[in-house]
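> What follows is a structure written as structure tokens; I'll ask about it next.
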Amino acid sequence: MKDTESRTDAEGAPTADLGANAFYGLEQRPPNRQRRPQNVLPDEQIRALLGRGLVAHVATRWDEQPFVTPTSYYYDRTAHAIVFHSNVVGRIRANSERHPQVSLEVSEFGNFLPSNDPLEVSVQYRSVVAFGRVRVLNTDDVRKALYALLQKYLPDMRAGREYREISDQDLRRTSVYAVDINHWSGKENWAARAEQTDGYPLLDERWFTFTNFLEWQKSW
């Protein structure tokens, strides 16, 4: 399955020739610039997706070796930052202190989109990729950030009622980070159906009756 691309994009850059990759140099094409304007997700929808998303995939690196780490998170609209936490010592902490430039991704999925054309088979999705610099929060902000994380995922639970208060010892055992977002890019494909080709028999309607992504996952 793939997000089908044409031979040339909206700006006339060839997509089939590997030599065309030079067109994507950061000095002439910013990382948040979309190739397909019709798929661009507006800023307010990006904020909404970051607010309801469940998992962020954070990309860090150690010199030439990249790493991607899935993590819980919350989006701080006021600070325009993504906040998450990890162990006080570990890969994310080491990578972030060595190279503070990071990117992260949050996405959600709807239905599968079957097609009689193998290059048109797809899935409904919305996604955000954000770029920025990561920093480790200081002690005064760590407790507040951890409570905000708990409030996002367990909104009906309260400190001192369902779970104990966060202690100073807890703060010494964790690292809490904020990714200050410099720029972002949002994209969506929420078509009702994928395109079909007239050059092959059309799919029977039964192929469109079991297409929900979450239901499909449960059938594994």
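The values are calculated or read from the model by the stated rules, or taken from the named source; none is laboratory data. It should be emphasised that the depicted structure is a prediction, and the values quoted were computed from it without experimental measurement. Don't worry about glycine lacking a Cβ; one is built from the backbone with ideal geometry, like all the others, and counts go over all protein chains shown.
> Looking at the structure I just gave you, is residue 138 over 19 Å from residue 80 (Cα atoms) and among the polar types (S, T, N, Q)?
Working: over 19 Å from residue 80 (Cα atoms): no; among the polar types (S, T, N, Q): yes.
No, not satisfied.
> Taking region 137-148, which residues are closer than 25 Å to residue 61 by Cα and buried (at least 18 other Cβ atoms within 10 Å of the Cβ)?
Listed by number, the residues that qualify are 137, 142, 145, 146.
> Looking at region 163-204 only, could you name the residues that are among the hydroxyl-bearing types (Ser, Thr, Tyr) and either without any contact (Cβ under 8 Å) to a residue 60 or more places away in the chain or surrounded by 12 or more Cβ atoms within 10 Å (Cβ to Cβ) (or both)? If you could, list the steps in order and put the result at the bottom.
Narrowing region 163-204 to residues among the hydroxyl-bearing types (Ser, Thr, Tyr): 163, 167, 174-175, 177, 185, 197, 200.
Within region 163-204, 163, 167, 174, 175, 177, 185, 197 meet the criteria.
> A follow-up question, please. Among the strands (runs of 3 or more DSSP E) contained in region 60-112, which hold 1 or more residues that are surrounded by fewer than 16 Cβ atoms within 10 Å (Cβ to Cβ) and modelled with pLDDT of 95 or more? Before the answer, list the steps.
Numbers: elements: 65-71, 74-76, 81-87.
Answer list for region 60-112: 65-71.
> Filter region 189-220 down to the residues that are hydroxyl-bearing (Ser, Thr, Tyr) and at pLDDT 95 or above and list them by number.
Of region 189-220, the ones hydroxyl-bearing (Ser, Thr, Tyr) are 197, 200, 209, 211, 219.
The answer is 197, 200.
> Give all pairs with beta carbons closer than 7 Å in which a residue from region 77-93 that is more than 24 Å from residue 47 (Cβ to Cβ) meets a residue that is in a loop (DSSP other than H, G, I, E, B); count only pairs at least 6 apart in sequence or on separate chains.
88/173
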